[in-house]
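What follows is a single structure, written as structure tokens, with notes after it.
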Amino acid sequence: MRIIARVFGLTCGFAVVAIAARFGWQSCDNEADAAAWAFIYGSVTMGGLFGHTLAIHIFRCHRFMGTLCFVASAAALVISLSNSLGAMATRGDHQAAARTQIAQTASDLRRALDRAESERKAMTRPAANEDAIEAARGRATAAAASALAECANGRGARCARREAERDQADAAAADRAKALDIEIHALKDRLAQTGPVLETNPQGHALANLFGVPESEAERITSRQNFAMALVIELLVALALVAAEILDPARPVRPRGKPNAPGTGKRTNVVSLAKERADREVMALLASGKTQREVASELRTSERTVRRIAASHRGQTGQKATN
């Protein structure tokens, strides 16, 4: 279990450090600043994730420094959390921008298409083609000549002008109908070429549907979800590494120049070393001829403790205790 926790913590931890460093790199405009900030972001994240493990090691030897290291690691973890949140929030910027552009283009094309179709629908003329346009122009010319011949004798030039203008208006309407038909066809082709319009924020859209909130709250829900994910990931990494250290049995700490007694097979730590030094000091004073009471007074300990140490030493060596 200890190995699994350590492998999980190291693997996920280095992945989070790489993400934070990449976020620092992307936040700058030039490569020199990008490299510096990538190193800073990565170092802060590494301190926040792995510093608690170092604090445990230091705490075993020096409680104050270990506590100080733990506090610094906790502060780095909070700062790293904001970096991870920023990295998660910007991980799909390019894709979101492309989707937004496609959606905006499709919206503009739909508006133009609706306008053209509405104008074309208001016209009573059928779909125009080249033959219809030429026929309309021919009729307008013939009608103008006929009206001129008819009106010139009875109703005058003013009547002929009005009829000619009406015929010309019919020809212009036919031209406009043809132009609208061409425009509508082109708009439909461009709209088909834009491809499917996808959600710019599919995660926020799904969360909004899940919790039954308006689409306007999608961005806020996405930010909260990213924050929760970043918090959980970093806490899991830190706790996994701390658990690996807690589950790890204490490593042997040997006195310099003095190997462990053969056959003991026991691991020693700082506390056991201090006890061994105290026992040796007691036995040295007893060996010098002092009584147990004198030794206890000199070392400022109880006579019972001195008696226990002497009895333990006597049981190992077979010597008699000095009263």
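Coordinate-derived values only; no laboratory data. Computed from a predicted model, the values in this text were never measured in an experiment. In this analysis, Cβ positions are derived from the backbone assuming ideal geometry, glycine residues included, and neighbour counts consider all displayed protein chains.
General observations
- Taking label points 7 Å from Cα along the Cα-to-Cβ direction, residue 215 and residue 288 give a separation of 9.0 nm.
- Modelled FRET efficiency - R0 22 Å, residue 36 with residue 78, Cβ distances, 0.05 increments: 0.50
- Sorting 207-217, 296-306 by average packing, meaning the other beta carbons within 10 Å per residue, from highest down gives 296-306, 207-217.
- Rounded FRET efficiency, nearest 0.05, which uses the C-beta distance separating residue 176 from residue 114 and R0 of 22 Å: 0.80
- A Förster radius of 30 Å, combined with the Cβ-Cβ distance separating residue 121 from residue 194, puts the computed FRET efficiency at roughly 0.80.
- In this simple spin-label model, placing a label point 7 Å from the Cα along the Cα-to-Cβ direction at both residue 10 and residue 278 gives a separation of 3.8 nm.
- Peptides 104-111, 174-181, 80-87 ranked from most to least packed give 80-87, 174-181, 104-111, packing being the mean of other C-beta atoms within 10 angstrom over each peptide's residues.
- Here the peptides 30-37, 288-295 are ranked by packing, the mean other Cβ count within 10 Å, and the order with the highest first is 288-295, 30-37.
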